[in-house]
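Reviewing the structure listed below.
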Amino acid sequence: MQYIIMLIIVLGLACADYLTGIIKAYCQNNISSSKMRKGGLNKLGEIIVMTSACGLDIGIKALGRYYEAAELSAIAGKITAVAVFIYITVMEVISLFENYAEINSDAQWALKIIRKLKNFKEG
């Protein structure tokens, strides 16, 4: 169930980011099908990476039971899936706020959040 929740969150954030990107491009009279295609493929790539991380967690746990190291493998698998999830989530939220700040010039609060999230992502 945790994997489904992670995938739904990543999918939702990817869709929201894609849609705010389209709105931003429309507001700037800069809609480009090649940028939209590239952005869509980027989002698909993120979903594939998150799905792979969840699958890796499942596989590592199964190997751990096979080799009688269930606790260690469960920790390793969980760290992998959660690290990928956190990275993608932070990256998508940053992009959402960047899009929103460009759509709404009164959203200075979003720029402050972006700076903090970028520091978290880079740190």
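The values are calculated or read from the model by the stated rules, or taken from the named source; none is laboratory data. Note that the structure is a prediction, hence the values are computed from the model and not measured. In this analysis, Cβ positions are derived from the backbone assuming ideal geometry, glycine residues included, and neighbour counts consider all displayed protein chains. Side chains included, ligands, DNA and RNA excluded: accessible areas come from the protein's heavy atoms. Shrake-Rupley method; radii C 1.70, N 1.55, O 1.52, S 1.80 Å.
Could you derive backbone 3J(HN,Hα) for segment 53-66 from the dihedral phi with the Karplus parameters 6.51, -1.76 and 1.60 (θ = phi - 60°), listing whole Hz in sequence and x where the residue is Gly or Pro?
Listing the rounded values in order: 5, 5, x, 4, 4, 4, x, 4, 4, 5, 5, x, 5, 5 Hz.
Can you give the Kirkwood hydrodynamic radius of segment 1-73 from its Cα pairs, in Å with one decimal?
Working: mean 1/r = 0.0696 Å⁻¹.
After inverting the pairwise mean of 1/r, the radius is 14.4 Å.
Have a look at TYR67, TYR18, TYR26 and tell me which one the Gaussian network model of the chain (Cα, springs below 10 Å) gives the largest fluctuation.
TYR67
In whole Hz, what ³J(HN,Hα) sequence does segment 38-44 give by Karplus (6.51, -1.76, 1.60; θ = phi - 60°), x for Gly and Pro?
Each residue's phi maps through the Karplus curve to give 5, x, x, 5, 4, 5, 4 Hz.
Output ³J(HN,Hα) for segment 80-85: one whole-Hz value per residue in order, computed from phi by the Karplus curve 6.51 cos²θ - 1.76 cosθ + 1.60 with θ = phi - 60°, and x for Gly and Pro.
4, 5, 5, 5, 5, 4
Rolling a 1.4 angstrom probe over the protein heavy atoms, how many square angstrom per residue are accessible across the chain? Walk me through the numbers before you get to the answer.
Values: 8090 Å² over 123 residues.
Accessible area per residue, the chain: 66 Å².
In a GNM of the chain with a 10 Å cut-off on Cα contacts, which of GLU68, GLU46, GLU102 has the highest mean-square fluctuation?
Fluctuation is largest for GLU68.
Cα-Cα over 32 Å: which of LYS24/LYS116; LYS35/LYS61; LYS35/LYS118; LYS24/LYS61; LYS43/LYS78?
Details: LYS24/LYS116 22 Å; LYS35/LYS61 39 Å; LYS35/LYS118 23 Å; LYS24/LYS61 43 Å; LYS43/LYS78 23 Å.
LYS35/LYS61; LYS24/LYS61, as the Cα separations exceed 32 Å there.
Taking the Cα centre of the chain as the origin and placing charges on Cβ (Lys, Arg +1; Asp, Glu -1), which of CYS27, GLY77, GLN2 is farthest toward the positive end of the dipole?
CYS27
Take the chain, connect every pair of alpha-carbon atoms lying under 10 Å apart with a spring to form a Gaussian network, then pick out the residue of ALA110, ALA70, ALA83 with the largest mean-square fluctuation.
Of ALA110, ALA70, ALA83, the Gaussian network model singles out ALA70 as fluctuating most.
Candidates (i) 11, 28, 29, 18, 9, 4, 1, 0; (ii) 13, 34, 30, 15, 7, 2; (iii) 12, 38, 38, 12, 1; which is the computed P(r) over Cα pairs in 10 Å bins from 0, in percent?
(ii)
Would you mind telling me the share, in percent, of accessible area of the chain contributed by carbon and sulfur at probe 1.4 angstrom?
Details: 5480 of 8090 Å².
Here it works out to 68 percent.
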